[in-house]
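Have a look at the structure below, then the notes.
The values are calculated or read from the model by the stated rules, or taken from the named source; none is laboratory data. All figures in this text were calculated on a predicted structure; none of them were measured in a lab. Positions of Cβ are backbone-derived with ideal geometry, glycine not excepted, and every protein chain shown enters the neighbour counts.
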Amino acid sequence: MEFVTFELLDNSTDNISDGSGEFDMLDGLDDEPCSAQSSDFNKIFLPTVYGIIFILGIIGNGLVVVVMGYQKKVKNMTDKYRLHLSVADLLFVITLPFWAVDAAKTWYFGSFLCVSVHMIYTVNLYSSVLILAFISLDRYLAVVRATNSQTTRKLLASRVIYVGVWLPAAVLTVPDMVFARVENTGSSHFYFKDESIEAADSRTICQRIYPQQYSIIWTVIFRFQHILVGFILPGLVILICYCIIIAKLSKGAKGQVLKKKALKTTIILILCFFCCWLPYCVGIFLDNLIMLNVLPHSCELQQVVDKWISVTEALAYFHCCLNPILYAFLGVKFKKTAKSALTQNSRSSQKVTLMTRKRGQISSVSTESESSSVLSS
């Protein structure tokens, strides 16, 4: 489903090697079982996992958006980041049913939706990860620079986030507009690097299709871009900020119970991010090395790497289901507001009016409490 796993290669040139023609034909025959096994695996595994992520992502992130709407007014920086993150994750999971159908059968949705779904997928894949980096930076300022960080935090949450998150994510959709298209595999003389796509099958696919002679180069470039922008840069920001927060909270004896809870939550946030995204990035990095002939190519190795990418890609996408839990539902104040929002329709109009008057008292945690209990809000 991910664009980095669908690449078009020219069968007339890529089968040429330093060996004899007989060796090439035998090698091609040996690859057939490899392709068939991986294709069957993806047709069952990917739609199932994408369906689960879609349901959980819609429920979790949808609830966050509903609660934020119930509050009417976003009170602080934490609320703003929660809303940005939930919108990004919602838009991301909306694309998953399209990819699930594509993996199970074929692409039924035409050229316009092909490009549109690619663009929505890309912009929100990158934006959600970059927002996590902004959240870690905001909490670093709230804890470590608590006395003089208010202006900077407001600037980051209200203005810089658009330039640092949404603008780069939108720019990264340009390759989708240029290369994403619908192609019928039965009408071409190409074979596909992705093991889930077999040239012998006459089916419609939606993918990025690069110029034949530069296909491997484009593939490697965009994969390294994904690793750099989608993992390494935000991962460094998250790791550095939260490590400094841990060091800060570990000092002193005041408020030990609260500090232990904040430290525990901080470690969970770090582990969840890297456990979700690191295996997938390792997989596409290894596949890059195979494509560049740094690692020796074999059917067995390619099959293992392709299955590793499929499984770890799904694991990475589960992060959008965890985000509402990690960044919203862990907060006591948020849970109170969520409970009020969900029970509002079951109460009488008089009680609803009373709840609305009291809503300011149960809104999200203030900036001052964020400084002392950074991850419990």
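Quick notes on this structure:
- Boolean, residue 79 is surrounded by 19 or more Cβ atoms within 10 Å (Cβ to Cβ), within 17 Å of residue 180 (Cβ to Cβ) and among the charged types (D, E, K, R): no
- Subset of segment 266-289 [more than 17 Å from residue 239 (Cα to Cα) and buried (at least 18 other Cβ atoms within 10 Å of the Cβ)]: 280, 283, 284, 287, 288
- Listed by position, the helices (runs of 4 or more DSSP H) inside segment 134-187 whose residues that are touching a residue at least 60 places away in the same chain (Cβ under 8 Å) number at least 2 are 150-155, 174-179.
- Scanning segment 266-308 for residues being within 30 Å of residue 140 (Cα to Cα) and of a type outside the set (Val, Ile, Thr) gives a total of 12.
- Among the residues examined, residue 159 does not qualify as out of contact with any Pro (no Cβ under 8 Å at 6 or more places or on another chain), buried (at least 22 other Cβ atoms within 10 Å of the Cβ) and either of a type in the set (D, E, K, R) or within 18 Å of residue 79 (Cβ to Cβ) (or both).
- Scanning segment 131-177 for residues that are polar (S, T, N, Q) and more than 17 Å from residue 84 (Cβ to Cβ) gives 147, 148, 149, 150, 151, 152, 173.
- Against the list (1) among the polar types (S, T, N, Q); (2) free of Cβ contacts under 8 Å to residues at least 24 places away in the same chain; (3) surrounded by fewer than 18 Cβ atoms within 10 Å (Cβ to Cβ), the condition residue 111 fails is (2).
Residue-wise test of (1) more than 24 Å from residue 135 (Cα to Cα); (2) aromatic (Phe, Trp, Tyr); (3) in contact with a Pro (Cβ under 8 Å, 6 or more places away or on another chain).
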{"site": "226", "(1), (2), (3)": "no, no, no"}
{"site": "231", "(1), (2), (3)": "no, yes, no"}
{"site": "236", "(1), (2), (3)": "no, no, no"}
{"site": "240", "(1), (2), (3)": "no, no, no"}
{"site": "251", "(1), (2), (3)": "no, no, no"}
{"site": "283", "(1), (2), (3)": "yes, no, no"}
{"site": "300", "(1), (2), (3)": "yes, no, no"}
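- Given (1) among the hydrophobic types (A, V, I, L, M, F, W, C); (2) modelled with pLDDT of 90 or more; (3) over 30 Å from residue 205 (Cβ atoms), index of the condition residue 90 fails: (3)
- Across segment 240-265, the qualifying residues are those that are β-branched (Val, Ile, Thr) and either surrounded by 17 or more Cβ atoms within 10 Å (Cβ to Cβ) or touching a Ser or Thr at 6+ places or on another chain (Cβ under 9 Å) (or both), and the one among them that is modelled with the lowest pLDDT is 265.
- Residue in segment 217-224 that is among the polar types (S, T, N, Q), surrounded by 15 or more Cβ atoms within 10 Å (Cβ to Cβ), at pLDDT below 95 and assigned to a helix (DSSP H, G or I) present: yes
- Contact map, segment 230-251: first residue within 12 Å of residue 266 (Cα to Cα), second residue exposed (fewer than 15 other Cβ atoms within 10 Å of the Cβ) and charged (D, E, K, R), Cβ cut-off under 9 Å, separation 6 or more or different chains; pairs are 249/260.
- Of all the numbered requirements in (1) touching a Cys at 6+ places or on another chain (Cβ under 6 Å); (2) modelled with pLDDT under 55, residue 14 misses one, and that requirement is (1).
- Scan of segment 200-216 for residues that are of a type in the set (Val, Ile, Thr) and assigned to a helix (DSSP H, G or I), ordered by number: 216
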